[in-house]
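Inspection log for the structure reproduced underneath, given as structure tokens.
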Amino acid sequence: MPSFLNNTFASFFNRILQFGHSGNNGTPTSTTAIQSGDGVATSVSLSDDVLQVQPQNDDSVGSLLCKNSGGSNILAVDTTNSKVLVGASQVASNTQFKEMGLYDFSPTAGYHYPLIANTMFIPTGATAFAGDNDWGNGDDPATTLDVSGLTAQENAVAVYWYLENDITLDSVRYMVTSDGSAGLNFHLFAYTLDTSSNHGDLSSGTVHASAFLVSTLTSIKTGTFTLDEADIDAGKVVVGFVENVTDTSDVSVSFQIQYHIR
């Protein structure tokens with residue numbers, strides 16, 4: 001390890017760290033960069049109350065690290081992707097989960113049906129939830145929805161997941177079973193919600209994740225989606241879909257969506 005011992009000041013002063021202010025004022029009351037002896041700033045700034053870390057030239061996946069004795073990250077500040085990673089598994093510190101699903105649902109072959117996204121209870125005498133096929137039978141669900149009909153409005157409240165914050169999808173997993181061998185399509189879409197004129201209508205639908213599976217009788221299968229576009233902005237409505245491509249076999253399906261707030 002380099003030492004100052006028996007060396008001239010001129011041979012080591014560049015290695016000395018200092019506050020980046022002139023004079024001899026000691027610890028500053030506002031954050032001031034810590035510099036080397038030749039005046040080059042580090043990523044650290046200090047004051048009497050604040051410790052600040054900010055890269056000088058390049059963002060990094062480990063701009064600030066805290067490691068265990070074995071050298072593994074326990075805390076990592078990733079300024080490249082704007083994430084704070086924690087724990088032995090290094091997941092985003094604000095990781096959250098959202099679940100959607102449909103139980104024992106009887107579809108029409110080839111149509112996309114939305115999954116229940118919110119906790120709902122059907123009181124005695126009310127119209128039971130009925131998944132509708134207003135989302136079409138194209139390769140993907142429809143990119144718009146008109147909820148001018150009463151039934152469509154009731155169903156929309158059950159299947160809309162409204163985002164309060166910008167999020168990034170980390171993974172989407174399905175778990176599914178069906179009454180027969182069926183080709184099943186899964187989609188996760190985000191839409192623009194009309195809140196000014198035709199309240200509740202959706203437009204600008206975009207696929208953010210998708211998967212395809214052949215489900216067989218008397219089995220439960222699980223797998224992960226392909227993430228087509230991970231970022232979804234605040235104010236969007238997210239809807240999950242299942243499509244029985246091949247027949248009318250009953251389907252029970254759930255989505256588990258792992259995401260973090262941006």
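The values are calculated or read from the model by the stated rules, or taken from the named source; none is laboratory data. As the structure is a computational prediction, the values presented were derived from the model and not from experiment. Neighbour counts are summed over all protein chains in view; Cβ atoms, including those assigned to glycine, are modelled from backbone coordinates with ideal geometry.
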Segment 1-16 residues that are not assigned by TED's automatic domain parsing to the domain that holds Thr42, paired with ones that are assigned to a loop (DSSP other than H, G, I, E, B) and of a type outside the set (A, V, I, L, M) (beta carbon under 6 Å, 6 or more apart): none
Failed criterion for Ser215 (all others in (1) under 20 Å from Ser254 (Cβ atoms); (2) in contact with a Lys or Arg (Cβ under 9 Å, 6 or more places away or on another chain); (3) modelled with pLDDT of 90 or more hold): (3)
Thr143 farther than 21 Å from Phe212 by Cα, at pLDDT 90 or above and surrounded by 11 or more Cβ atoms within 10 Å (Cβ to Cβ): no
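Residue-by-condition table, conditions (1) assigned by TED's automatic domain parsing to the domain that holds Gly183; (2) at pLDDT below 85:
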position	(1), (2)
Thr79	no, no
Ser89	no, no
Asp104	yes, no
Thr108	yes, no
Tyr111	yes, no
Pro114	yes, no
Thr127	yes, yes
Filtered residues of segment 28-76 (kept if small (Gly, Ala, Ser) and within 21 Å of Asn14 (Cβ to Cβ)): Ala33, Ser36, Gly37, Gly39, Ala41, Ser43, Ser45
